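All remarks here apply to the structure that follows.
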There are 4 protein chains.
Amino acid sequence: MTSNPQNLRQNTARIRVRFAETDQMGIVYHSNYLIWMEVGRVELCRSLGIRYRDMERDDGVLLAVAEASCRYLSPARYDEEVDIRTWIESAHRRMIVFGYEMVDAATGAVLAKGETKHVFTGRDMKPARLPEKYMERFGIAKAV
Amino acid sequence: MTSNPQNLRQNTARIRVRFAETDQMGIVYHSNYLIWMEVGRVELCRSLGIRYRDMERDDGVLLAVAEASCRYLSPARYDEEVDIRTWIESAHRRMIVFGYEMVDAATGAVLAKGETKHVFTGRDMKPARLPEKYMERFGIAKAV
Amino acid sequence: MTSNPQNLRQNTARIRVRFAETDQMGIVYHSNYLIWMEVGRVELCRSLGIRYRDMERDDGVLLAVAEASCRYLSPARYDEEVDIRTWIESAHRRMIVFGYEMVDAATGAVLAKGETKHVFTGRDMKPARLPEKYMERFGIAKAV
Amino acid sequence: MTSNPQNLRQNTARIRVRFAETDQMGIVYHSNYLIWMEVGRVELCRSLGIRYRDMERDDGVLLAVAEASCRYLSPARYDEEVDIRTWIESAHRRMIVFGYEMVDAATGAVLAKGETKHVFTGRDMKPARLPEKYMERFGIAKAV
């Protein structure tokens, strides 16, 4: 992966597990990892100078989730701090794929790995091309 | 309460506790009861001939939550069926108060009691008066 | 798929979209589909004569989620009824894979397709073999 | 309230609104404020030298929610930072009441005010008296 310059576009966000996120197994309920991925994605965008809220509000550009997947390796538990490492796996003007690794901040143990694929849409939720002004920040080369 | 004709406006909805709704105490996490109250409220409206979705979409009438409270009497547990009894406690053209009682469907044990107060608003979320066509269904008398 | 006798082990559960499940895009937030899959899975088990709650409580058999994925085809919206078709894709004594198709009950439109892979564990969350008494219900053949 | 020395036991925690916490009104769904209160409560305990996780795990002391209420004054929105000011309103060996004020960190606008009442229980969820070692930290005077 070191040959992929897009790996430079990565960021780590930290959250603390909420009691509300646990289930009666005593571990984090599995759908919450998708919410954590959203936190990681938003913070990665922020680190690239893109505030998702503004992109949606000012330019009518939405990121509709097309696919999501997660592999659960070790359960996260209440009150632990979790680092969500997020990066852009691939991107072009119609879609973007984010990769995620969630790690126990105290021990470094990998808790889960995930991926989400999104299509850019307008406010009508119909597929659209990403406006040129955002391309460079997402690492999308302009066509020659 | 038998003297209050608005008690005629009541309805019971049934849900089954989801695993996702439990926490590591092995019981339902307390914020979920507010979501169940929403289920009860929506079904009460439906039983009165009001589809909340249409009221919002077609007439721009929203029910903004102003207050919510819940007393937890006995914990609900995974996979149990819960009856949400919902009624209109009071209503006028600017606001409406719903009452709730959540009951274990198998044993009849009362799990929780709650109340939510809502103000009618327009799409701009500013307070508004309920359109006349909905008044009777909510049991709001027209001013003479 | 008609050649796969395990497709006989399928079931359809119906839910209604809750307001709490929507997000500011006006559609169901994507992590909720994983919760719906859990609803489908629990009801499939029930239809096979397995109450997941009892399996966990009485026999200490847990189904730990190892992988989950979902493809989102068409957004689900507030107050719609959704049919969750669930089936066993494959199973042996150490793990089981469920497949899901979520369909708009009114139009028949496919909203999403998903898959979850689980490992059987004991109460200590360590991998364990499924007790023999459950094998037939899950469609797992006994080794000769 | 300045006459109440228990106001010294207060703390402010900051969260950022997640997309998952919004609903189709474009604002935070109201049950999420109860989860934020839990975040505030846990951080207040931490600031008092009490890690709730350890109290539960090591001493079998649980804080069961008996009542919760919230008044919603101004809607919180996606990606805003919210300060959750939390304090102990009253406490004795059988129960504790927390107060909360949630504030838009950017503007200082009060978003919501809440209160939760908890009873101390053992692992069996039966009411119990708080062990002496925790009394001082919660500001509970020892009986003479």
Exercise for the section: Evaluate the stretch B:63-70: report whether one residue or more is under 18 Å from B:A13 (Cα atoms), assigned to a loop (DSSP other than H, G, I, E, B) and free of Cβ contacts under 8 Å to residues at least 60 places away in the same chain. Expected result: no
Practice task
Determine the pairs where a residue that is modelled with pLDDT under 95, located within the stretch A:111-133, has a partner that is acidic (D, E) with Cβ atoms under 7 Å apart, the partner being 6 or more residues away or on another chain.
Solution key: A:P131/A:D59
Fill in the blank from the handout: Note on A:G26: of the conditions (1) of a type outside the set (F, W, Y); (2) away from chain C (no Cβ under 11 Å); (3) part of a loop (DSSP other than H, G, I, E, B), unmet is (2)
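How many of the residues making up the stretch C:61-106 are within 17 Å of C:P127 (Cα to Cα) and at the interface with another protein chain (Cβ under 10 Å from one of its Cβ atoms)? Steps first, answer last, please.
Filtering the stretch C:61-106 down to residues within 17 Å of C:P127 (Cα to Cα) leaves C:61-67, C:91-97.
Adding the requirement that they be at the interface with another protein chain (Cβ under 10 Å from one of its Cβ atoms) leaves C:62-67.
Counting residues in the stretch C:61-106 that are within 17 Å of C:P127 (Cα to Cα) and at the interface with another protein chain (Cβ under 10 Å from one of its Cβ atoms) gives 6.
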Handout entry: Candidates A:I50, A:I35, filtered to the one that is within 14 Å of chain C (Cβ to nearest Cβ) and among the β-branched types (V, I, T)
Key = A:I35
Exercise for the section: For the stretch A:89-144, enumerate the residues that are of a type in the set (G, A, S), in a strand (DSSP E or B) and buried (at least 16 other Cβ atoms within 10 Å of the Cβ). Expected result: A:A91, A:G99, A:A112, A:G114
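When you look at B:I15, is it more than 9 Å from every other protein chain (Cβ to nearest Cβ), under 13 Å from B:I84 (Cβ atoms) and among the hydrophobic types (A, V, I, L, M, F, W, C), yes or no?
Working: more than 9 Å from every other protein chain (Cβ to nearest Cβ): yes; under 13 Å from B:I84 (Cβ atoms): yes; among the hydrophobic types (A, V, I, L, M, F, W, C): yes.
Judged against the criteria, B:I15 is a match.
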Exercise for the section: Mind listing just one residue for me: the one in the stretch D:29-60 that is part of a loop (DSSP other than H, G, I, E, B) and in contact (Cβ under 8 Å) with a residue 24 or more places away in the chain and, of those, nearest to D:P127 (Cα to Cα)? Expected result: D:G60
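The values are calculated or read from the model by the stated rules, or taken from the named source; none is laboratory data. In this text, all values refer to a predicted model and were calculated from it rather than measured experimentally. Quick reminder, even Gly has a Cβ in these numbers, built from the backbone with ideal geometry, and neighbours come from all protein chains shown.
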